[in-house]
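One structure is given below, encoded as structure tokens.
The values are calculated or read from the model by the stated rules, or taken from the named source; none is laboratory data. Just so we're clear, the structure is a prediction, and the values are computed from it rather than from any experiment. Methodologically, a virtual Cβ is constructed for each residue, glycine included, from the backbone with ideal geometry; neighbour enumeration extends over all protein chains shown.
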């Protein structure tokens with residue numbers, strides 16, 4: 001697997017951002033120190049499964065040995081399209097135990113995407129549930145295997161025609177312990193190959209080492225003061241980078257307990273938060289809004305919940321306030337990518353409402369800068385290209401080195417494709433994507449700031465501002481909205497923006513009301529879908 005880091009290995013080690021251990025060492029330390037403590041509590045298939053640290057370590061070795069029996073070798077990518085479950089966590093750890101690479105694929109992906117991913121990676125093994133939420137992964141994977149020559153084995157939880165059975169074929173045989181120790185991945189070996197979530201429609205295979213994953217998780221935990229006493233939960237898939245880091249790697253690194261839930265349902269999640277005394281939750285603002293609404297409808301005891309980390313979209317001030325009043329937790333805003341995890345986040349020492357106006361300051365081990373197209377710093381408060389570098393930056397894009405190289409500047413910064421400005425407090429505020437820029441005549445519309453202002457309107461629940469073609473001006477702005485009550489008119493929104501003091505040239509000139517916005521599994525809006533719809 002060919003990939004190259006753009007950061008200094010010596011600096012990362014000297015500063016303690018990289019180490020000589022891996023997540024498997026974290027697992028062994030926890031299994032020795034607290035063998036009976038739940039590492040996982042999984043709500044899956046209508047039931048609950050609790051897995052202790054001692055059990056998790058034993059299952060990891062057993063599964064790793066059976067991957068060897070299937071012919072998986074060091075450096076091979078094992079494709080994992082499982083819902084949130086103990087089987088997924090064990091599979092990821094089992095890959096590392098033999099030096100293989102975990103290749104998580106979100107469950108919503110279908111034949112076209114899965115065939116592309118498995119063909120690119122040359123994956124020899126695909127692991128999934130036979131069926132999940134009414135969809136047959138058994139049937140789809142059979143079609144994929146027929147088209148991808150390297151895909152020798154399909155392993156299904158529940159089995160299926162022509163496929164291996166997860167319990168029988170991955171857990172039934174004792175592992176050859178000596179072989180595992182020789183093969184086990186080192187801290188700088190590739191650990192994960194995860195595909196970008198598709199806000200542009202062009203997924204890329206992001207490669208992370210055990211050390212880059214360690215850096216991103218150590219930093220975010222330290223900033224928020226999280227400890228081994230945490231009980232974490234999420235609404236996102238663990239096969240997405242947000243779920244993978246915040247609700248798998250991070251709690252395991254801390255020796256904490258991760259609650260895994262296989263499908264999103266706000267009322268059910270509130271019951272789980274109460275039942276398991278969850279202390280930390282991470283999810284997009286839509287998840288936060290859903291939980292607040294469900295808690296108002298039927299209150300639960302959420303006294304244990306202290307922290308809600310969120311990103312991927314603007315956060316309305318009312319949402320921050322409601323989180324405190326209704327859920328009893330503090331909201332932190334963050335920014336990051338599959339390529340580097342959590343890069344910036346607001347801090348406990350910041351005023352709580354900072355989360356509604358900032359995407360935070362850089363975490364330890366990461367640097368950010370805002371520059372113009374020539375690489376020169378922009379004036380304070382002006383938008384520019386957001387570039388980052390540091391210990392959690394990925395190793396590259398799998399088999400697409402030229403694409404990754406095109407995103408790295410001559411002086412070693414990764415160009416994120418996002419636009420940002422200084423937030424006035426030493427942090428950043430995302431103003432949009434380079435590809436999302438709306439040029440109305442000669443005026444660049446600050447899309448994210450317009451969206452944030454619109455979200456303060458009481459009749460709006462969700463907002464995306466996108467450009468649509470115009471013969472005279474090139475583009476005009478359209479507000480695509482999900483309402484929370486009686487639908488407002490375009491004039492209503494203009495009056496609202498005027499009252500907030502927003503310049504008239506930034507106001508949307510078209511309004512579309514939709515039942516929901518298309519999103520990636522992590523909650524990011526797929527604006528390319530909206531733009532295509534407006535052009536048709």
*Only residues that are in contact (Cβ under 8 Å) with a residue 60 or more places away in the chain and farther than 20 Å from residue 484 by Cβ: list them for the stretch 280-310, please.*
304, 307, 309
*Within the stretch 352-371, track down each residue that is part of a loop (DSSP other than H, G, I, E, B) and either at pLDDT 95 or above or not assigned by TED's automatic domain parsing to the domain that holds residue 315 (or both).*
358, 359, 360, 363, 364, 365
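Can you tell me which of 343, 378 is buried (at least 16 other Cβ atoms within 10 Å of the Cβ), assigned by TED's automatic domain parsing to the domain that holds residue 244 and within 29 Å of residue 194 (Cβ to Cβ)?
343
Using the structure shown, decide if residue 89 is within 14 Å of residue 239 (Cα to Cα) and in the same structural domain as residue 169 (by TED's automatic domain parsing). Before you say what the answer is, go through the steps one by one.
On the way: within 14 Å of residue 239 (Cα to Cα): yes; in the same structural domain as residue 169 (by TED's automatic domain parsing): yes.
Against the criterion (within 14 Å of residue 239 (Cα to Cα) and in the same structural domain as residue 169 (by TED's automatic domain parsing)), residue 89 qualifies.
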*Restrict the check to the stretch 456-463 and report whether at least one residue is at pLDDT below 85 and either touching a helix residue (DSSP H, G or I) at 6+ places or on another chain (Cβ under 9 Å) or farther than 24 Å from residue 312 by Cβ (or both).*
no
_For the stretch 446-455, which positions are at pLDDT 85 or above and touching a helix residue (DSSP H, G or I) at 6+ places or on another chain (Cβ under 7 Å)?_
447, 450, 453, 454
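For (1) part of a loop (DSSP other than H, G, I, E, B); (2) under 26 Å from residue 346 (Cα atoms), each residue gets a yes or a no:
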{"site": "464", "(1), (2)": "no, yes"}
{"site": "494", "(1), (2)": "no, no"}
{"site": "498", "(1), (2)": "no, no"}
{"site": "508", "(1), (2)": "yes, no"}
{"site": "511", "(1), (2)": "no, no"}
{"site": "516", "(1), (2)": "yes, no"}
{"site": "530", "(1), (2)": "no, no"}
*Please specify each residue of the stretch 328-339 satisfying the condition of being at negative phi, at pLDDT 95 or above and surrounded by fewer than 24 Cβ atoms within 10 Å (Cβ to Cβ).*
329, 330
*asked:* Restricting to the stretch 279-321, name every residue that is in contact with a helix residue (DSSP H, G or I) (Cβ under 7 Å, 6 or more places away or on another chain), assigned to a loop (DSSP other than H, G, I, E, B) and surrounded by 21 or more Cβ atoms within 10 Å (Cβ to Cβ).
replied: 305, 313, 314, 315, 316
_Here are the criteria: (1) buried (at least 23 other Cβ atoms within 10 Å of the Cβ); (2) within 30 Å of residue 277 (Cβ to Cβ). Tell me which single one residue 231 does not satisfy._
(1)
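Name the single residue that is surrounded by the most Cβ atoms within 10 Å (Cβ to Cβ) among those in the stretch 473-486 being modelled with pLDDT under 90 and farther than 14 Å from residue 445 by Cβ. Talk me through it step by step, then tell me what you get.
Kept after step one, since they are modelled with pLDDT under 90, are these residues of the stretch 473-486: 473-475, 484-485.
From what is left, the residues that are farther than 14 Å from residue 445 by Cβ are 484-485.
Details: 484: 14, 485: 9.
Among them, the one singled out is 484.
Residue 360: crowded, with 23+ Cβ neighbours inside 10 Å, on the phi > 0 side of the Ramachandran plot and touching a residue at least 24 places away in the same chain (Cβ under 8 Å), yes or no? Break it down stepwise before answering.
Values: crowded, with 23+ Cβ neighbours inside 10 Å: yes; on the phi > 0 side of the Ramachandran plot: yes; touching a residue at least 24 places away in the same chain (Cβ under 8 Å): yes.
Spelling it out, residue 360 is indeed crowded, with 23+ Cβ neighbours inside 10 Å, on the phi > 0 side of the Ramachandran plot and touching a residue at least 24 places away in the same chain (Cβ under 8 Å).
Among the candidates 453, 410, 486, 420, which residue alone is within 24 Å of residue 368 (Cα to Cα) and outside any strand (DSSP E or B)? Step through it out loud before you land on a result.
Working: 453 fails: within 24 Å of residue 368 (Cα to Cα); 486 fails: within 24 Å of residue 368 (Cα to Cα); 420 fails: outside any strand (DSSP E or B).
Result: 410 is the single residue among 453, 410, 486, 420 that is within 24 Å of residue 368 (Cα to Cα) and outside any strand (DSSP E or B).
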_Considering only the stretch 147-156, I want to know if a residue exists there that is under 25 Å from residue 242 (Cβ atoms), in contact with a strand residue (DSSP E or B) (Cβ under 7 Å, 6 or more places away or on another chain) and surrounded by 15 or more Cβ atoms within 10 Å (Cβ to Cβ)._
no
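Among 375, 381, which is out of contact with any strand residue (DSSP E or B) (no Cβ under 7 Å at 6 or more places or on another chain), more than 19 Å from residue 392 (Cα to Cα) and assigned to a loop (DSSP other than H, G, I, E, B)? Reasoning before the result, please.
Numbers: 381 fails: out of contact with any strand residue (DSSP E or B) (no Cβ under 7 Å at 6 or more places or on another chain).
Exactly one residue qualifies, and that residue is 375.
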*For the stretch 487-501, enumerate the residues that are under 11 Å from residue 513 (Cβ atoms) and surrounded by fewer than 19 Cβ atoms within 10 Å (Cβ to Cβ).*
487, 489, 490
_Cross-chain or 6+ apart pairs with Cβ under 8 Å, the stretch 122-138 first and touching a residue at least 40 places away in the same chain (Cβ under 8 Å), then exposed (fewer than 15 other Cβ atoms within 10 Å of the Cβ) and outside any strand (DSSP E or B)_ = 122/150; 123/150; 124/71; 124/150; 124/152; 125/152
*For residue 132, which of the numbered conditions (1) over 19 Å from residue 260 (Cβ atoms); (2) surrounded by fewer than 24 Cβ atoms within 10 Å (Cβ to Cβ); (3) at pLDDT 95 or above fails to hold?*
(1)
